[in-house]
Number of protein chains: 2
Amino acid sequence: MSGDITTSRDADQTRQNILEVALKEFSEYGLTGARVDRIAKGTRTTKGMIYYHFGDKDGLYKAVLEEIYPKLRKSEEKLDKSNLSPIEELEKIIDFTFEYHKNNENFVRMVMIENINNGETLRKTDVDTGVSQNILMELSSILIRGQKEKVFNRNISPIDLHLLYTSFCFYRVSNHHTVSTVLGMNMLSSSNSIRHKRLVKDVIIAYLLSSEP
Amino acid sequence: MSGDITTSRDADQTRQNILEVALKEFSEYGLTGARVDRIAKGTRTTKGMIYYHFGDKDGLYKAVLEEIYPKLRKSEEKLDKSNLSPIEELEKIIDFTFEYHKNNENFVRMVMIENINNGETLRKTDVDTGVSQNILMELSSILIRGQKEKVFNRNISPIDLHLLYTSFCFYRVSNHHTVSTVLGMNMLSSSNSIRHKRLVKDVIIAYLLSSEP
DNA sequence: TTTTACACTAACTAGATAGTCAGTTGATTC
DNA sequence: GAATCAACTGACTATCTAGTTAGTGTAAAA
């Protein structure tokens, strides 16, 4: 019995099970559209446990939200950037960002949903800003190296650089339904994905290589 | 009585009044978060009229959604592009897009909400795709002129070009809550807005001017 | 003037939904 | 092996919410 992975009476496992189901529910239906009863049905446990472990619906939503940013950071940290030129390292980061958004629509949707919620819940969490500090430090070092080597000729802040590629990677996933409808295409088709992945890198590199007019 | 702007027993005026209030409600709370009773309270009329004129909540949501794209198109058409170089014309279009998103957070939020809704409602409307056809034709003509004049050295489709600048203009508004929290800044501050507006144009122009490696 | 039809109101209803609670179970401690 | 306590269940409830309906007011047609 104690070797059984799905043994009950293990609070951590129960919490984790609830969180997994809740992530699906919230990202599919939004904060207000999610149904606690539907989440409960999807778990190995009962609705009472959701309230026992997370207090209320908002508490559960907050717990789900608190998990998604650290997950992104952990993936990001796995990147190996040894012995790369500034351009290569930047391309590797953009590739990662592109793939992560493409493969984690749940993440993208949760972020959208939290923005519809005016970011109120995220502001209440002690969201590990180390997430972004790491990546910003890295972008900063790339920019400095590129400028020292006279490869990059533009002054741009790490934050703006980050916004430039992230906005594209995010938007093509977050808005694929409306864009595909309005423009009569399939934004996430594999041919579009391949071309877009190349495009976002080319555009940013072209900018960094170019000089102020 | 009949000269009174807020005269009742005018179906068109009633519909318009409901639509205005509904846009605010839906864009603030989302499709599932919006409350029909709250909309009714905000109008000059009663809840019964919402059902009388729009059938049900989804019908009202659809009517709101159907209004926002044509509004964007009408604004876009007002742009005067006579006697401009390809670069100037493109800059004018990007400026417009940037300002429209910045000044119409309601529009941005409705699009987000519809994507959370998997674009199901938009697909049911006969959304005037002329909206985008016009702008795509214009981008196409800019690209062709720029290439003929040997100013632009890149092959990019009008759609991809459109996606590039729109994604940035959209994202900085749609995600300003979470980004501002995570990066510890105010994305929509006027100094950021001014810099971003310059940046998105510079990046795209730099790309078009550069040549394939 | 009467009729007709559209525009409208206020009170109502059925069902959904977040949240509660009294009691049970099982592992751990003494 | 009894006591303790965290983990858990299932049935319950108050409230909220989309949607309905019976009937009223008004303007224009007949």
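The values are calculated or read from the model by the stated rules, or taken from the named source; none is laboratory data. Nothing here was measured: the structure is a model prediction, and the numbers come from that model. As a convention, Cβ positions derive from the backbone with ideal geometry for all residues, glycine included, and neighbour counts pool all protein chains shown. Ligands, DNA and RNA are stripped out before the accessible areas are found, and what is left, the full protein with its side chains, is counted by its heavy atoms. Shrake-Rupley method; radii C 1.70, N 1.55, O 1.52, S 1.80 Å.
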For the protein assembly as shown, the spread of Cα positions along each principal axis, largest first, Å: 78, 62, 37
Find the sum over both chains of the accessible area lost when B and A are paired, probe 1.4 Å, and report it in Å² to the nearest 100. 4600 Å²
What are the distances, in nm and sorted shortest first, from the label point of A:Lys24 to the label points of the same position in each other copy, with each label point placed 7 Å from Cα along the Cα-to-Cβ direction? 4.0
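Any idea what the dipole of the protein assembly as shown comes to, in debye rounded to 20, about its Cα centre with Lys/Arg Cβ at +1 and Asp/Glu Cβ at -1?
140 debye
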Grab the beta carbon distance between A:Glu28 and B:Arg38, set R0 = 22 Å, and tell me the FRET efficiency rounded to 0.05. 0.35
Taking θ as phi - 60°, what are the ³J(HN,Hα) couplings along the range B:106-118 by the Karplus curve (6.51, -1.76, 1.60), each to the nearest whole Hz, with x for Gly and Pro? 4, 4, 4, 5, 4, 5, 4, 4, 5, 6, 4, 7, 6
In nm, one decimal, shortest first: how far is the label point of A:Ser191 (7 Å from Cα along Cα to beta carbon) from the matching points in the other copies? 4.7
How high is the relative contact order of chain B, given as a whole-number percent (alpha carbon pairs under 8 Å, six or more residues apart)? 20 percent
Calculated P(r) of the range A:10-55 - Cα pairs past 16 Å, %: 28 percent
Across the identical copies, how the A:Asn106 labels are spaced - nm, sorted shortest first, 7 Å along Cα→Cβ: 3.6
How many partner chain Cβ atoms sit within 10 Å of a residue's Cβ in peptide A:107-115, on average, as a whole number? 4
Here are some pairs, A:Lys124/B:Lys57; A:Lys57/A:Lys102; A:Lys57/B:Lys102; B:Lys24/B:Lys102; A:Lys197/B:Lys150; A:Lys24/A:Lys47; which of them have Cα atoms lying more than 21 Å apart in this structure? A:Lys124/B:Lys57; A:Lys57/A:Lys102; A:Lys57/B:Lys102; A:Lys197/B:Lys150
Counting heavy atoms of the protein chains only and a 1.4 Å probe, report the per residue accessible area for chain B as a whole number of Å². 48 Å²
Just to be sure I understand the curve: with the Debye formula and one point per C-alpha of chain B, what is log10 I(q)/I(0) at q = 0.13, 0.14 Å⁻¹? -0.86, -0.95
Between 0 and 90 degrees, rounded to the nearest ten: what's the tilt of helix A:86-103 against the longest Cα principal axis of chain A? 30 degrees
Determine, from the Cβ-Cβ distance of A:Arg145 and A:Ser190 and an R0 of 45 Å, the FRET efficiency 1/(1 + (r/R0)^6), rounded to the nearest 0.05. 0.85
Two pseudo-spin positions, 7 Å from Cα along C-beta at A:Asn153 and at A:Ser211, lie apart in nanometres by 0.5 nm
Give me the residues in the range B:16-38 whose solvent-accessible area, probe 1.4 Å, is reduced by at least 30 Å² once all protein chains are included instead of the chain isolated. B:Thr32
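Lys and Arg at +1, Asp and Glu at -1: add these up for the other residues within a Cβ distance under 9 Å of A:Lys47 and post the number.
0
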